[in-house]
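The values are calculated or read from the model by the stated rules, or taken from the named source; none is laboratory data. Quantities reported herein were computed from a predicted structural model and do not represent experimental measurements. All Cβ positions, glycine included, derive from the backbone under ideal geometry; neighbour counts span all protein chains shown. Just the protein is used for accessible areas: all its heavy atoms, side chains included, with ligands, DNA and RNA removed. Shrake-Rupley method; radii C 1.70, N 1.55, O 1.52, S 1.80 Å.
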Amino acid sequence: MTNIVVLIKQVPDTWSERKLTDGDFTLDREAADAVLDEINERAVEEALLIKESKGGEVKVLSAGPDRATDAIRKALSMGADSAVHLNDPALHGSDAIQTAWALAAALGQIEFENGEATELIIAGNEATDGRTGAVPAIIAEYLGIPQLTQLRKLAVDGDTVSGERETDEGIFGLEATLPAIVSVTEKINEPRFPSFKGIMAAKKKTVQTLTLADIGVEAETVGVENAGTTVTSSTPKPPKTAGERVTDEGDGGDKVASYLVGQKII
């Protein structure tokens, strides 16, 4: 039986228009529809598959404002057993290092019904709103545990976790001893759709809310004011134009090539 924590994040829907807030240039999360990140759905699915084959318990952990509860309930409706919501306004605007620091501290507060500690942490390889792709690795460094990142396949056998990482150079087999953290890509699986029974059951599942004080993290170490990077200005993307039409009169290829050269694309 494996105690699994899945890291999830609520992100703006990719089909919604995204914009930055005035002043601190952080993502305006209220301006767009919010959804559970797609890769996180696959991470939850992988945890559930392990639970179904090996037994154990699946918890989800999310850092975010009140609105993130919707994403948490989506993961619970898929089949996760319970959730932990790290909700503190001081986290607003935290960078990847600060976020990983807070999540690592929250992971230390998670308890399972069998009294054992977290054995496996599963995350997506990157979130669609930031795409830093670094948080799982930073958490591994903070916790001092092995990391298996960018996996397209994942397996747990006893106290060993293994997987496959696909890169431009080929496919690599990775293996580590639990406890460990892994991140998965979009090739790992196809997430299930929550059933009506699962949606109704999610309403009764436990969601523990933690603040920074609860996990022993000082507010002065996180947030946009203390981030390692600062956005000083932004420029809205230009409006879409009709483009330039090329009429092929036998020299269409030359015209297209000249256009691409003029745009410094080739």
* Asked: Carbon and sulfur together cover what percent of the accessible area of the range 2-221 at a 1.4 Å probe radius?
  -> 49
* Whole-angstrom Cα spans of the range 140-266 along principal axes, big to small -> 67, 41, 39
* To do: Filter the trypsin sites (Lys or Arg not before Pro) in the range 160-266 to those in DSSP coil with at most 10 other Cβ atoms within 10 Å of their Cβ, and list the result.
  => 203, 204, 240, 245, 264
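For Cα pairs less than 8 Å apart in space and 6+ apart in sequence, what is the mean separation divided by the residue count of the range 2-221, i.e. the relative contact order in percent?
For the range 2-221, the relative contact order is 25 percent.
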* What is the spin-label model distance, in nm, from residue 240 to residue 265 if the labels are put 7 Å beyond Cα along the C-beta direction? -> 1.6
* Go ahead and estimate [θ] at 222 nm for the chain from helices alone: -39,500 (n - 2.57) per DSSP H run with n ≥ 4, summed, over the residue count, rounded to 500. => -7500 deg cm²/dmol
* What does the accessible area per residue of the chain come to in Å², with a 1.4 Å probe and no ligands, DNA or RNA counted? -> 57
* With the chain treated as a Gaussian network of Cα nodes joined by springs under 10 Å, which of 248, 13, 88 yields the largest mean-square fluctuation? -> 248
* Asked: Which GluC sites (Glu not before Pro) in the range 4-59 pass both tests, a DSSP loop state and at most 13 other beta-carbon atoms within 10 Å?
  -> 17
* To do: Quick one: dipole size for the chain, taken about the Cα centre, charges +1 on Lys/Arg Cβ and -1 on Asp/Glu Cβ, in debye to the nearest 20.
  => 640
* To do: Scan the chain and hand back the longest stretch that contains none of the chymotrypsin sites (Phe, Trp or Tyr not before Pro) lying in DSSP loops with at most 16 other Cβ atoms within 10 Å.
  => 26-266
* Whole-Å semi-axes of the chain's equivalent ellipsoid (Cα gyration tensor) -> 37, 24, 19
* Structure fact -> Most fluctuating of 122, 188, 72 in the GNM of the chain (C-alpha, under 10 Å) is 188
* Asked: Angle between the Cα long axis of helix 69-78 and the longest principal axis of the chain, 0 to 90 degrees, nearest 10?
  -> 70
* Measuring from centroid to centroid over Cα atoms, what is the spacing of the range 147-174 and the range 72-142 in Å? -> 20
